[in-house]
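The next block holds one structure in the form of structure tokens; read it before the comments.
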Amino acid sequence: MSRLILAEKHSVGQAIAQALGHAEKHDGYMQVGDDLITWAQGHLVDLAAPDEYKDHDWSKWSLNTLPIDPTPAWRWKVSREKGADRQYKVVASLMRRDDVGSLVNACDPDREGEAIFHRIVAHAGVDKPMRRLWVASLEEDAIREALASMKDETDYQGLADAAMIRAKADWLIGMNASRAYSLVYNARFAVGRVQTPTLAMIVDRDRRIAGHVAQPYWKVVAPMGGWKLTGERLDKRTDAEALLRIVNSDDFTFQIFKVDRKQQHDAPPRLYDLTNLQKDMSKLHGLTAARTLAALQSLYEKKLATYPRTDSQFITHDDLDTLRGLVEGDRLVTGFIEPAAKPERPRLELTVNDAKVAGHTAILPTMQANASVLDGLTEDERLVLTRVARRMWEAVGDDYVHDVTNVVANIDPAWMERHQQDCAAFDESQTRFTSRSDQPVSLGWHAIENAKAQEENDDGDETAGNIIPANLVTGISIALIPQCGATLSEGKTKPPKPFTEATLLAAMEHASRWVEDKELKAALDDDESHSGGIGTPATRADVIEKLIRTGYVERKGKQLRSTKQGQELIDVVAPKLKDVALTADMERQLSQVEHGQTDAAQIESEFRGLAAGIPADAQKTVQKDHVQQTTKKRDQESVGPCPRCGADVVKVGKFWQCGTNRREKQADGTWK
């Protein structure tokens, strides 16, 4: 009997076939001996749209038809993507062949890969023994090892259940909320389980920026001959000028109250998970999260990097030999880092933590990566592969060692005794002066990356140029150099910085920062078995791109800013639908389902209950003034939001199409 191996993409299918031996090519599949290898085309099977449920009156938008819930008779359809129907027929016919005795799920090793496989099997009506190919690298040795150690597909039932619940929850919440709020406010709103709380974070940040009133402040800065002492912020200019006169007195002296010298050892950073790689690529090179993911996915398919959609920053003990091979010789030195920066004794053990690898290890180059492949890559791929290689070297490198000195000074008590009247207006906290120096001793892992982050630092570095004398000790009195040389520094309080791609990804990853409930906050911060954020490493880039496609967010340079339309949505939507805490807790519950820690049916029921209450909430809390503000004249009739991007579906001539006229999703998440 033959076995059928189903990969998620054609390129992955080719890699598996190459690992098995000489492949015979057929229409939509390949054969190596008794093994048949075929591939999906992403989500070949999707949830049907409401208007495809002919036994319900869901094609017309009406509050009377809400809430929508197809349970238990959910319907699925073959994707309308170009070529999907043809490839589905190939896959389904292979699955149904009498000589195919078993199936192998070789779709991507994550929640979505599990969903793609199970949907196709169910839609094809096939019931055959199934095994799971779980491989983090497409190198031939890795594939052969994974094929030899496959587990039964039932071992991944939690992952499949979580994928199914997530898909249904997103459908139920999105359909009911988008229709309810669009109908109540006579507008076109696209509401999503993850995208709306993400939008709420951006809107809140933008409104805090807009509402910020800059307050001036002043500091007295005293030169000390190669270093400086800086006073505390003073809110009144008159107070600052009075203190400046004191410090610039002919006989003025400070007394040093504290000198704290420490040699700090900064441990290397962890290996990359997807989100942290996306953040650094945004900071260092201005790449969007979608572009970084697209480049890394391509590198994975070219066998140059390991699996991209991981939330782990460690490897296991079983992976140590692979890492040891990567750091041996100059394969990943030449063209990637300066030879002198290579650690003399790479500390591989720093990268190992079996307990924090739940399925996928951290992102690493593969043994096929070297300088010779760089010229054949796109610019994005080259930048991403170089950064992944450099992070590998950083993670096994030596500590960054630097001498840090902190000084606290105040007006010399002896001087104060002689000038009591001058000092009477100030308390001790207002006349406190500080200084800090930070001098590198050994660059360690800092020597690997020479590029500076593109993100601007508006705060300045008060340690720049500061070299505090080694003989400075507590208790001495010291005069300015030159005497009377103090100056007044004026500044203004600043608003929060607008979100960038990097800072928004960080906010999505660490959603517990937006949670007040202590128990939930603690649960979200417990990262042993889940990510305490909203969305997943695999979906966050697409969430950002969807917010931009729907017109709720726009890019302004590197900034992500909410639009008027996005702010209107956040103004009217129910608090729970924009609540970061609720969405993060739903993600936590999905993770518990994935790991078999809770009952899948119960979680699905809870999510259905949440969706069912949305239409009533929208009608109970309607804000009449916003109905007027969001009512718009339309030149074209619309029947609702596009299921792909959320824009209006409009009638053009005799045909219905997305109002954006975008028809094909690109690898970087954009449409054309």
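Once C-alpha pairs closer than 8 Å and six or more residues apart are averaged by separation and normalised to the residue number of segment 1-127, the relative contact order reads 34 percent. Converting phi to 3J(HN,Hα) with the Karplus coefficients 6.51, -1.76 and 1.60 and the offset θ = phi - 60°, segment 400-406 yields 7, 9, 8, 8, 10, 10, 10 Hz in sequence order, with x at every glycine or proline. Among beta bridges identified by DSSP and lying wholly in the chain, the antiparallel ones come to about 80 percent. Could you list which residues have their amide H under 5 Å from that of V104, counting only those 5 or more apart in sequence or on another chain, with H placed in the peptide plane? For V104, the qualifying residues are L4, I5, L6, R131.
Computed FRET efficiency, Cβ-Cβ of E379 and K492, R0 60 Å: what is it to the nearest 0.05?
Efficiency, from the Cβ-Cβ distance: 0.95.
Normalised by the number of residues in the chain, the average gap of Cα pairs under 8 Å and 6 or more apart makes the relative contact order 18 percent.
Place a +1 charge on the Cβ of each Lys and Arg in the chain and a -1 charge on the Cβ of each Asp and Glu, then give the dipole magnitude about the Cα centre in debye, rounded to the nearest 20. The partial results should precede the final answer.
Numbers: 88 positive and 102 negative charges, 548 e Å.
The calculated dipole for the chain is roughly 2640 debye.
Each other residue within a Cβ distance under 10 Å of Q31 adds +1 if Lys or Arg and -1 if Asp or Glu, for a net charge of -2. Annotation: peptides 17-23, 387-393, ranked by per-residue average of other Cβ atoms within 10 Å with the highest first, follow the order 387-393, 17-23. At a probe radius of 1.4 angstrom, the accessible area of segment 1-57 per residue rounds to 44 square angstrom. In a fully extended conformation the segment linking K9 and T434 would gain 147.1 nm over its present Cα-Cα distance, using 0.36 nm per residue.
The charge dipole of segment 114-211, taken about its Cα centre with unit charges on the Cβ atoms of Lys, Arg (+1), Asp and Glu (-1) only, comes to about 720 debye. Each peptide among 72-82, 477-487 gets the average number of other Cβ atoms lying within 10 Å of its residues, and from highest to lowest they stand as 477-487, 72-82.
Computed from Cα positions, the angle between helix 157-184 and the longest principal axis of the chain comes to roughly 80 degrees. Phi angles across segment 193-199 convert, under the Karplus curve 6.51 cos²θ - 1.76 cosθ + 1.60 with θ = phi - 60°, into 3J(HN,Hα) values of 4, 9, 5, 6, x, 5, 4 Hz, Gly and Pro given as x.
On segment 96-253, 47 percent of the accessible area sits on carbon and sulfur atoms, based on a 1.4 Å probe. Each Cα pair under 8 Å and six or more residues apart adds its separation to the average, and for segment 239-380 the resulting relative contact order is 30 percent.
A simple spin-label model places pseudo-atoms 7 Å from Cα toward Cβ; at R207 and S93 they are separated by 5.7 nm. Note on the chain: helix-only mean residue ellipticity at 222 nm, from DSSP H runs of 4+ residues weighted -39500 (n - 2.57) and normalised by residue number, equals -11000 deg cm²/dmol. Per residue, the solvent-accessible area of segment 315-437 (1.4 Å probe, heavy atoms of protein chains only, all protein chains present) comes to 47 Å². The calculated FRET efficiency for R233 paired with H595, based on their beta-carbon distance and R0 = 51 Å, is about 0.55. Ellipsoid semi-axes for the chain, based on the Cα gyration tensor and the rule √(5λ), read 53, 35, 20 Å when sorted largest first. Packing, as the average of other Cβ atoms within 10 Å across residues, places the peptides 59-68, 32-41 in the order 32-41, 59-68, highest first.
The residues of segment 187-236 present an accessible area of 38 Å² per residue when probed at 1.4 Å with all protein chains retained.
The values are calculated or read from the model by the stated rules, or taken from the named source; none is laboratory data. No experiment lies behind these values; they were computed from the predicted model shown. Methodologically, a virtual Cβ is constructed for each residue, glycine included, from the backbone with ideal geometry; neighbour enumeration extends over all protein chains shown. Please note that ligands, DNA and RNA were not included when accessible areas were found on the heavy atoms of the full protein model with its side chains. Shrake-Rupley method; radii C 1.70, N 1.55, O 1.52, S 1.80 Å.
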